[in-house]
Amino acid sequence: MSRLEAKKPPLFTSKPLTRDAVSQSLSLLSGVLKSSYGPAGRLKQLHNGAGGCVCATSQSSALLGHLSISQPVLRVLTASVLNHMSRFSDCGLFTAILCCGFIENFRSLNVAPFTVIQISKHLLSLCMNHLKSEACGCRVSVDFSSLETLVCLVRSILTSKPACMLNKTEVDHLTSLVLKAFIFTVPCHIETNAVLGKCVVIPVKGRRVVDSAVLPGLLIETPEIQLGKPLAVKRTGSNVIKIALFSVSMSGDSSNPEEGTIAVHHGVSLEASELNQLLNVGQQLVKHEVGLVLCQKVMHPSLKQYLKENGVMAVDRAGLSLMEPLRRVTGSQPIASIHSLSPGCYGSLKDLCIESFASKHFLHLIPEDTVICSLILCNRSETAWDELKRVCETAEHVLQLTVKEPLALLGGGCTETHLASYIRHKSSSLPASTFKDLGCSQTQYQLVADGFCRSLETVARSLSHDGEEVLTDVVYGHCWFVPSGSPCASRWSDLVSKCSCGVNDNTEDLSWSFLQGQSSSPILQGCPKEPSVKVADLRTLDCFAAKCSGLQVALETANLILDLSYIIEDQN
Amino acid sequence: MAFRDVNARRHIGLQQLSALASTGRTFLGPMKSHKFIVDEITNQSTLICSAVRLIESLDLTSAVGQLLNETIQAQNKEFKTGMSSLLFLVGAWSNAVVECLQQNVPVPAIVSVMSEGLNSCCERVQCLQIPIHDVKKELCSSRVRPKAFESKTGQVERHDLKNSWNLLCFQTDISATEEVIPINSCSHQGHDCNFNKFLVSPLAGFGSVASVVKAVGDKSSPALSGSGVTAASCIAQKLTHSRHFSTLGKSPFASQQGNFQGHLSGPAADLCGLGCLAVALSHGNQTSVKLLQSIAAYQQGRAECSGSSQVNIAEIVTCCVLGLPESYSCVSPGFVTLVSPEQATVIKHFADKPLRILLVDGDLTEEYRHLGFNRPPNVRTILERPTPQGGGAGDVWLSRMSDVLMSFEVNLVLVKGNVCKNFMERCIASRILVIGCVARSVLCAFGSATGAQAVTYLSQLSTVCVGNGAWAELWHTGDGRAVDLGELLPARISAGGITLLTAVLTAALPSKAQLLEDHFWTLLYRLHHALKDGKVFPGGGAVELLCLSHIQALAEQPERPGNAKELPSPWLAECKSIVLQALASGWKRYLCVLLCNTATASSELEAGAAVDHHLQKAAACGSPSAYILEEFRRGGVLRGGSEPFPGRVTDLKVCDNVEAKTEAWRRALDLVLLVLQTDAEIITGPRRNQILNSPVSNEFMFL
């Protein structure tokens, strides 16, 4: 018997940002994210407190995806960041920290939210125009004809997450594998619209990272395969292996999820009739000279036995995630029904062989010409493997984004400080008409611009976790770190050798100053200069597309949150 | 979601790690002390003797405990050896890192210097590697060579073994239980005291101090460990006379005089190389050495055809037979398993008849369906008229299935899963031997030897699926002693040309069966990996000593002006030296505890002095690696000055696996560095209210 309960009225919260609980949660979340940022970021152990598996990570989608957040304001923030991550895979922490920074800095201003939003949108457009202009001093173009910048980009991503537990040799090895895998996914013959392929990550946990490898084509784990025996595969007249790819379950259970019951007379076996149908399919496959049958789900043992007796290989339980790569590798149409088999749905392969890694055996599907490759990824522990997988997938995605827009941004906080000094310079020299158009006073504009720059600088400062001093220079607006415990020196140039991204060094006097010290950051005399970039000097690079999107998402989310006047919660 | 800052005081995570790791200290080295694990709720106890079993038995609900467990399991899965070293180094390095933190060394400096230092050591110690083909020369050149390994027939005589082994092994056969670890501990001090008195009193009588280690369920009370290690070395000798802890029956030297004789009728190849290698890798475990030599003999015979020199682990299974002395352990070709007396009668009926064999890779029950088969929920069967009494659906299945077996004249069915009891009875009645719960590798071996093809359902059966030429017999010991041990009897099933070998492990004490099995697999994996690596490390602390001397040299060496652009920073240089010292201290503690556990030194202080002495000698020699190799050739690296057992060291040289050792170091360091870099623990999921109401709620913050 169900119990009736009176409906509770919805809960109204007005001006949520002024509530203590909200600001406490916000600063806690911001603290968690800031402490995780960068290659020296601290890890978080995520677990359920009851002996479940532990995830040690500093990666934004793993962190935010695991958190169960009760504050609606924070839920808006995390949803935006996760959405950004699903599209770009990179710069998640940047986006989240920047968004928290915007909210914290703009909230304390005594300016109406509407005006803040107008001004900040204008500031964002200034930033985006600058980033897109040729004169931008914080971006470099990526030359795909040489490896140097690509290596730097991939290496920056691999080293940004310490939970991968990689040493230098391992980083080098993986960098080359990731690049190799990416090159495999670029089609050789470009038609009207080229589509990049996919790199499938094959897990081999418990092994050394240097045992990882890349192979063109696809690997499917087949524990049942017998080693030592040569693979006898049936080939068609044109010496290719014909493939049938089933997405439907062939386990022989009557898959009828509809409602209602079926009445069956005693002595009639549904199972037997299902199996007969499957065996019919098997007969057709044999007749069509199919050499390999792949099934996403389970195949009935009798069907497998029948196929085997007729010289057809059968591999089942390929899994949903492999279906799309399988379709592309074999060029076959997944068959979704066992009732109709059209000869046009078959695909083909050049060759098949068996590969063994660690104690696992794989069937290696070798196509004629492919954009699909398999990255056999090894790491010693489960926790570190999970992080490494996320990082490698990010790197592949970033390379794909970079192919579309061959640009990269200087890493290590230099882009953020450079943008901040650009905005400080630009906002002091705007014509009065701009303020009129925006409907604000120049003071209001200056206040918001200052908050905007502080938020950007906060991101750069978040890279320091061990008491390093963060400096900026007035010429290029780059970011410099002074190691903690450095001796006292009269000149900054004795303490800093290179800026964080590696482009500038201390040979000329750049009048360094503390980033966000007691006095507000100095306003540059002119526009921050564009340094001459030598690719060999570059230490870190960031993905251009991901960072641009992150900047926009952070600001729009912050504006959305600042604009919230009520939260209405259904309490039922 | 709850959030806790683990860095609040002195890194809690590292403290937990070191507390957990300290429980396994006495497992270091060849002289391992056994431990009892007592469950406080059920009062059941388990006898364990390895780090992996220890970690399995502890209640590890904390995040750090989980990570430690994951690390140990990963090493165990891959190598089956090195887990004790791993556990010990985790503890030693966490302590060392905590000390670095107290000296304000920045975390990134600790991480990079330690990881580079370890890398550099792993490269440095490569010069100590001994190629397998040199092992014979290197190891068998001792003045007193164990005669057993010259035996060409493979008949290893106890007396001979004894000469070379007894001095080393005096300790291993004594269950020196010196630590009692209650699990599910509710951290009652009173209880612990009870355990102390109750279980450890025999030891206390000998003046030892047993340490009680609590299961680390709650983080507030880190495990405490007393002076258990120092006790280990001195108790052991006294305990040989203890009634409680020295069971005559299982001491191989005390009672049996009979020749050891395995079922070794196979090729009598010259096994000296592999034999010596097995001895060197065994670290004093002789029962397993014998078994390994038999396995090597069998597999080498086959390898000569195929050309591979590896020990094939996939073709080996074990079978524990309780109630026989350990000396009856042997290797039998084919599959040895325990069967019921009814099944044994069937086997007796078979006599020497060749059997038709069927392999089933699922369960043999009516309800069983292959994985992925979902029973339709909405099917109703309509009965038109009631069936006559007694003709239930189950009986129909039973008779149909046994008809299938009869019609194909199957005598022997090996089933991967479970077998329906009624069906088993019916088969026995029709003299068909059905054996359930058979491992996949066994099915595969019989498949390739007899031509049988595994089926999932009996309805799939066709003539090509049935194999020929298997046979079954009751298993006998080498001296023909009848094995009638009550309920279950060992039986041997085999086929012509089968590659499968069963290591039959006999144990007089049921509680030791697991230990014996673990020992056997450990040694088998060591040999497998040694052959795979193609080289071994000199054992007995040689490699660690070189690491220690290498790191100390690195720490003293001035900063290389390699990168001209980098600014020289005296503080960073100082940090580097502090961190390198910390890394070295891990190996130093390792060597000291090793010396204590093997009774070479009587205290850690003395051991420390001995290690320093060797370090100085190595440094004075100019080339530490040459010194260490020379010492190893002369019989052992860290020989104590007093030489308590003259002659012993010249008989034995110990070797270690290369990859297993360096991987254990790396895994240990990775774990410590992972925990070091963690600053917060985030508890997800529905435990929020539980934490809110718990006494530690003020440590948490909520989102």
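The numbers here are math on the coordinates, done by the rules we state, and not lab data. Computed from a predicted structure; not experimentally measured. Glycine also receives a Cβ, built like all others from the backbone with ideal geometry; neighbour counts cover every protein chain displayed.
Convex hull volume per residue, computed on the Cα atoms of the range A:436-572, equals 210 Å³. What share of all Cα pairs of the range A:11-161, in percent, falls into each consecutive 10 Å distance bin? The distribution over the range A:11-161 is 9, 29, 34, 20, 7, 1, given as percents.
Between the beta carbons of A:Thr169 and B:His133, assuming R0 = 30 Å, the FRET efficiency works out to 0.60 to the nearest 0.05. Computed about the Cα centre, the dipole magnitude for chain A is approximately 340 debye when only Lys and Arg (+1) and Asp and Glu (-1) carry charge, each at its Cβ. Short to long, the 5 Å bins of the Cα pair-distance histogram for the range B:311-425 hold 2, 7, 11, 17, 17, 14, 11, 7, 5, 4, 2, 1, 0, 0 percent of all pairs. Taken over the range A:143-287, the convex hull of the Cα atoms encloses 288 Å³ per residue. For the range A:107-164, a Kirkwood radius taken over Cα pairs fed into Stokes-Einstein (10 °C, viscosity 1.306 mPa s) yields D = 106 µm²/s.
Just to verify a number: FRET efficiency for A:Ser429 and A:Phe144, C-beta to C-beta distance, R0 = 45 Å, to 0.05? With a Förster radius of 45 Å, E is 0.75. The range A:340-397 and the range A:112-183 have Cα centres separated by 27 Å. Taken residue by residue and averaged, Cβ atoms of other chains lying within 10 Å of the Cβ of A:418-429 number 0.
Each peptide among B:575-582, B:499-506, B:620-627 gets the average number of other Cβ atoms lying within 10 Å of its residues, and from highest to lowest they stand as B:499-506, B:575-582, B:620-627. Between A:Asp563 and A:Asp505, full extension at 0.36 nm per residue minus the direct alpha carbon distance yields a gain of 16.6 nm. An ellipsoid equivalent to chain A, defined through the eigenvalues of its Cα gyration tensor, has semi-axes of 53, 31, 21 Å when rounded to whole angstrom and sorted largest first. How large is log10 of I(q)/I(0) for the range B:306-372 at q = 0.20, 0.23 Å⁻¹ when the intensity is taken from the Debye formula with one equal scatterer per alpha-carbon? For the range B:306-372, the Cα-only Debye profile gives -1.18, -1.22. Taking amide hydrogens as placed 1.01 Å from N in the peptide plane, the amide H of B:Ala470 sits under 5 Å from those of B:Leu355, B:Ile357, each at least 5 positions away in sequence or on another chain.
The eigenvalues of the Cα gyration tensor, multiplied by 5 and square-rooted, give the range B:1-133 an equivalent ellipsoid with semi-axes of 27, 25, 12 Å from largest to smallest. Taking other residues whose beta carbon is less than 12 angstrom from the beta carbon of B:Leu291, and scoring Lys, Arg as +1 and Asp, Glu as -1, yields -1.
Couplings for the range B:402-408, taken from phi via the Karplus curve 6.51 cos²θ - 1.76 cosθ + 1.60 with θ = phi - 60°, read 6, 4, 4, 4, 5, 5, 9 Hz in order; Gly and Pro are left as x. Distance between the modelled labels on B:Glu604 and B:Glu409, one decimal in nanometres: 7.2 nm (7 Å Cα→Cβ projection). Peptide A:300-311 has a mean of 4 when you count, residue by residue, the C-beta atoms of other protein chains within 10 Å of its C-beta. Only alpha carbons enter this Debye calculation for the range A:437-484, each as an equal point scatterer, and the log10 of I(q)/I(0) it gives at q = 0.23, 0.29 Å⁻¹ is -0.85, -1.05.
Here the range A:246-310 was treated as a single set of alpha-carbon atoms; its pair distances binned every 10 Å from 0 give 19, 48, 24, 9 percent.
Label-to-label distance for B:Glu99 and A:Val264 is 7.2 nm, based on points extended 7 Å past Cα in the beta-carbon direction. Between A:Lys498 and any residue 5 or more places off or on another chain, the built amide H atoms are never under 5 Å apart. Close amide H contacts of A:Val264 (hydrogens built in the peptide plane, cut-off under 5 Å, sequence separation of 5 or more or a different chain): B:Arg380, B:Thr381, B:Ile382. Each residue, A:Glu368 and A:Lys121, gets one label point 7 Å from its Cα in the Cβ direction; the gap between the two is 5.4 nm. Per the Debye calculation on the range B:450-558 with a single equal scatterer at every Cα and no solvent contribution, log₁₀ I(q)/I(0) for q = 0.14, 0.20, 0.22, 0.23 Å⁻¹ amounts to -0.93, -1.17, -1.20, -1.23.
Along the charge dipole of the range A:1-117, Cβ charges K/R +1 and D/E -1, which of A:Phe12, A:Val111, A:Leu98 sits furthest on the positive end? It is A:Phe12.
Dividing the radius of gyration of the alpha carbons in the range B:423-473 by their Kirkwood radius gives 0.96 for Rg/Rh.
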